[in-house]
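**Student:** Quick one: this structure, given as structure tokens, is what I'll be asking you about.
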Amino acid sequence: MTTTSTHPARPAAVAPRPTAINASRTLATAARVLRQLRHDPRSIALMILVPCVMLFLLRYVFDGSPGTFDAIGASLLGIFPLITMFLVTSIATLRERTSGTLERLLAMPLGKADLIAGYALAFGTLAIVQSALATGLALWVLGLDVTGSPWLLLLVALLDALLGTALGLFVSAFAASEFQAVQFMPAVIFPQLLLCGLFTDRSNMHPVLEGISNVLPMSYAVDGMNEVLRHTDMTANFVRDALVVAGCALLVLGLGAATLRRRTA
């Protein structure tokens, strides 16, 4: 007599998701995002041209007092790219979620780190173009007068744009619609804008607000721009400010990878 097993068949083992970043997977993800952005000229225009237009308007708003533009233009050269990259990245990534593209990618043997790094690389490429155009316009067309090296100014502008990209990728995980993604701007960007030292020196703020501003990355972005504005050489404070902004961008990208998950079973 033969006996049949009553134990249910074991499900096939699921291949573990890769955890280490793979260069080929990351580059493939970045290339796919760039191909999609190529068919969205409005987003490209928003990312690349809007900071230049804002700087141009700002220069001629203070046409009668060019010294004012010199005083705040460097700071806004870092703030404008951060804001635009945050807005476009959060909306573009949310579209990937709502269209189901992100769901399909997460069903593939693609590491979360590869996915986030690919998105960051794609938007970071546009951030380089954006920062270069805005810096060149401010320095050589609008006559922004800085004491330090233009390359240091470009470095901070690029780090700010990358920080905006990282923040946009992160908050897109918590938005269910493009409208909600836009709503995150007052919560994430506006407090930093008010406390970064653009409108008044941070030492003049209430001690509680000054303490909060000391942990916000935009404050260090503005401080870094001001270091270039006032000093001919790279200072220790500039290095500290640049490292803080870069570190915050990497930290937020890591948080974005940690919160990245499928929304359907």
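**Student:** Considering Cα pairs under 8 angstrom that are at least six residues apart, work out the relative contact order of the stretch 147-241 and quote it in whole percent.
**Tutor:** Working: 67 pairs, mean separation 39.3, N = 95.
The normalised contact order for the stretch 147-241 reaches 41 percent.
**Student:** In what sequence, highest mean first, do 175-184, 61-70 appear when ranked by Cβ atoms within 10 angstrom?
**Tutor:** Output ranking for 175-184, 61-70: 175-184, 61-70.
**Student:** Right, here's the next one. Which percent of Cα pairs goes in each bin when the distances of the chain are cut into 5 angstrom slices starting at zero?
**Tutor:** 1, 6, 12, 16, 17, 14, 11, 8, 5, 3, 2, 1, 1, 1, 1, 1, 0, 0, 0, 0, 0
**Student:** Sorted by average packing, counted as other Cβ atoms within 10 angstrom per residue and highest first, what order do 76-85, 46-55 take?
**Tutor:** Descending mean neighbour count gives 76-85, 46-55.
**Student:** What distance in nm separates the simple spin-label points at residue 128 and residue 149, each placed 7 Å from Cα in the Cβ direction?
**Tutor:** So the label points at residue 128 and residue 149 sit 1.8 nm apart.
**Student:** Loop-only check: which chymotrypsin sites (Phe, Trp or Tyr not before Pro) in the stretch 191-265 are DSSP coil with at most 13 other Cβ within 10 angstrom?
**Tutor:** Those satisfying the criteria are 199.
**Student:** Counting only protein chains, not ligands or nucleic acids, how are 231, 206 ordered by accessible area (probe 1.4 Å), most first?
**Tutor:** Ranked from most to least accessible, the order is 206, 231.
**Student:** Residues of the stretch 220-262 with backbone nitrogen within less than 15 Å of a virtual label 7 Å along the Cα-to-Cβ line of residue 71, please, listed as ranges.
**Tutor:** The answer is 226, 230, whose backbone nitrogens lie closer than 15 Å to the label point.
**Student:** Hey, another quick one. Over the chain, what is the relative contact order in percent, taking alpha-carbon pairs closer than 8 angstrom and at least six residues apart?
**Tutor:** 26
**Student:** How much length, in nm to one decimal, is gained on full extension between residue 259 and residue 53, taken as 0.36 nm per residue of separation minus their Cα-Cα distance?
**Tutor:** Between residue 259 and residue 53, full extension yields an extra 70.7 nm.
**Student:** Calculate, in nm to one decimal, what residue 21 and residue 42 gain on full extension: separation in residues at 0.36 nm each, minus their alpha carbon distance.
**Tutor:** 4.4 nm
**Student:** Could you compute the FRET efficiency for residue 206 and residue 104, with r as their C-beta to C-beta distance and R0 at 51 Å, rounded to 0.05?
**Tutor:** 0.55
The values are calculated or read from the model by the stated rules, or taken from the named source; none is laboratory data. This structure is a prediction, so every number in the text was calculated from the model and none was measured. No Cβ is skipped: glycine too gets one built from the backbone with ideal geometry, and neighbour counts run over all protein chains shown. Please note that ligands, DNA and RNA were not included when accessible areas were found on the heavy atoms of the full protein model with its side chains. Shrake-Rupley method; radii C 1.70, N 1.55, O 1.52, S 1.80 Å.
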